[in-house]
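Structure, as structure tokens:
The values are calculated or read from the model by the stated rules, or taken from the named source; none is laboratory data. Remember, predicted model here, so these are calculated numbers, not experimental data. All Cβ positions, even for glycine, are placed from backbone atoms using ideal geometry, and neighbour counts span all protein chains on display. To get the accessible areas, we keep the full protein, side chains included, count just its heavy atoms, and leave off ligands, DNA and RNA. Shrake-Rupley method; radii C 1.70, N 1.55, O 1.52, S 1.80 Å.
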Amino acid sequence: MSIQLPTGTKDLLPDEAAFWDHFTDTAKRVFGCYGYQPVVTPLIEQTNLFVRGIGTATDVVSKEMFTAVSGENLKKLVAGEGIDEKDRLSLRPEGTAGVVRAVVQHNLVQQGSAPVKLMYAGPMFRAERPQKGRLRQFNQVGIECLGAEEPSIDAEGIIMLMRFYEEIGIPRESMVLLLNSMGCENCRPAYRDAVHAYLEQHVDELCDDCRRRMDINPLRAFDCKKEGCIRVMESAPRITDYLCDDCKAHHQAVKGYLDAAGIAYVEDYKLVRGLDYYTRTVFEVQATDSASAQSAIGGGGRYDKLAEEVGGKPTPGFGFALGFERCVIALEAAGATFTPPRACEVFVACVSDDERPTAFSLVQSLRAHGVKTDMSHQKRSLKSQFKLANKLNARYVVTLGPDEVAASAATLRNMDTHEEESVAFADMPARAAELVAAGE
Ligand code: AMP
């Protein structure tokens, strides 16, 4: 059998790749209105960044990271020798840690300056058990805002995300926004202890995973999908009863801004998200129409301690990431369609092989003018060249015979409207570019 793609990965074939381009272009346009600028960080980072930033008790770090080892280090490992901490690399499982690392390393947040607003788009890697909507390599678009602790930053981020979903075609009524606060280093310890004490009372009802991590991070039990744990967590202590005054005020303010913007949300005290770095605001957007079990199409929150975790100075932060493949499922469920741009605008056909050199140079000059142009490189009958033009969905066809070559002019035929216009070869590139730009 021929070699297949690795488990849990997916090819984006041309139509889907075109939609990915449209998706990221839309994100750049919408997020750009809010001041977000693109940043590109490596797909590999030091493993330690994720261990320290995301936390060892999370599934993402404890079981799902792909390790990357260079050839020479692999040899050392196989020989039982140790390798340098900085040579232990992992494929990024999410985007926030890398962006925060870059912000810290390049000192992008200066004292007293405006917050830095960055967006990214690209693949993430998690060795999860693949299923519909859950891949081992998937694409995310995300934003990070560093250097501002104000609740309006959280609110504008959430408003911006909901606007993006709508612009991309997911109807607002097909989504639910879940909102919670995780508290801060002042109020979370007491809450953690309360949940820990509660879990100890129910330890016999918990799964092995929850039992194992209840001492390291008891809040992870809220994330567990096992029925027994879900039942136990229904009656667990609620963070809302433990928030300090500052966290309460922050949460109230975020909700106030969302209310004023007409963004509906559901308060979900069980929402703790899968990564350890969150403080205060956390949220998730779920698609309600999709039959897929993986309904979370995006989520994020505030992470005021993460920059310090990775060795930077105290820098508050807020961010979110949304999953491209999950959005595609939600869009399919909503019946949304996407028409990819044409691959060919003008097709040049030849009556016989004699016109081929003229056709070849006409095609080059049209392309040089930015017009998507093609011809058949194989010897084909005129009929089969027209078939090819049809298959390529060419908007215009130019047919060259001996008369056209002699006159240095040919007919530009619009395949949709059947309108025809005779154009000299010299004028053809400019005229075709004009027609294409006007969408005629
Ligand atoms: P997270 O970084 O876990 O908050 O994920 C943010 C978003 O990325 C989720 O809401 C999903 O839409 C998407 N996502 C996370 N994990 C996967 C995965 N394994 N496969 C596909 N999409 C994912």
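See the values below:
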item	result
Scope region 382-421; condition in a strand (DSSP E or B), within 16 Å of residue 361 (Cβ to Cβ) and in contact with a Phe, Trp or Tyr (Cβ under 8 Å, 6 or more places away or on another chain); matching residues	398, 409, 410
Selection status of residue 307, away from the ligand (no atom under 16 Å from the Cβ), small (Gly, Ala, Ser) and in contact with a Lys or Arg (Cβ under 9 Å, 6 or more places away or on another chain)	yes
Residue selected from region 130-146 under the condition out of contact with any Phe, Trp or Tyr (no Cβ under 6 Å at 6 or more places or on another chain) and part of a strand (DSSP E or B), by the criterion farthest from the ligand (Cβ to nearest atom)	146
Residue in region 342-352 that is within 30 Å of residue 137 (Cβ to Cβ) and modelled with pLDDT under 95 present	yes
Residue in region 79-97 that is under 30 Å from residue 327 (Cα atoms), open to solvent by less than 20 Å² (accessible area, probe 1.4 Å) and either more than 16 Å from the ligand (Cβ to nearest atom) or assigned to a helix (DSSP H, G or I) (or both) present	yes
Given (1) at pLDDT 95 or above; (2) within 23 Å of residue 61 (Cα to Cα); (3) not polar (S, T, N, Q), number of the condition residue 209 does not satisfy	(1)
Flag if residue 28 is of a type in the set (Lys, Arg) and more than 14 Å from the chain's Cα centre (by Cα)	no
Enumeration of residues in region 147-201 that are part of a loop (DSSP other than H, G, I, E, B) and either open to solvent by less than 10 Å² (accessible area, probe 1.4 Å) or at pLDDT below 95 (or both)	148, 170, 171, 182, 183, 184, 185, 186, 187
Any hit, region 205-224, residues being under 17 Å from residue 269 (Cβ atoms) and open to solvent by 90 Å² or more (accessible area, probe 1.4 Å)	no
Checklist (1) under 23 Å from residue 55 (Cα atoms); (2) not assigned by TED's automatic domain parsing to the domain that holds residue 162 applied to residue 298, failing item	(2)
Which listed residue is under 28 Å from residue 174 (Cβ atoms), among the basic types (Lys, Arg) and open to solvent by 40 Å² or more (accessible area, probe 1.4 Å), from 270, 255, 248	270
Filter result for the condition that a residue is loosely packed, with under 15 Cβ neighbours inside 10 Å, in contact (Cβ under 8 Å) with a residue 12 or more places away in the chain and either more than 30 Å from residue 165 (Cβ to Cβ) or not assigned by TED's automatic domain parsing to the domain that holds residue 142 (or both), over 433, 438, 426, 410	426
The listed residue being crowded, with 21+ Cβ neighbours inside 10 Å and among the polar types (S, T, N, Q), out of 279, 240, 288	279
Residues being assigned to a helix (DSSP H, G or I) and more than 25 Å from the chain's Cα centre (by Cα) - total across region 223-268	25
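This table checks each residue for (1) more than 30 Å from residue 434 (Cβ to Cβ); (2) at pLDDT below 95.
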{"position": "289", "(1), (2)": "yes, yes"}
{"position": "322", "(1), (2)": "yes, no"}
{"position": "327", "(1), (2)": "yes, no"}
{"position": "339", "(1), (2)": "no, yes"}
{"position": "367", "(1), (2)": "no, no"}
{"position": "372", "(1), (2)": "no, no"}
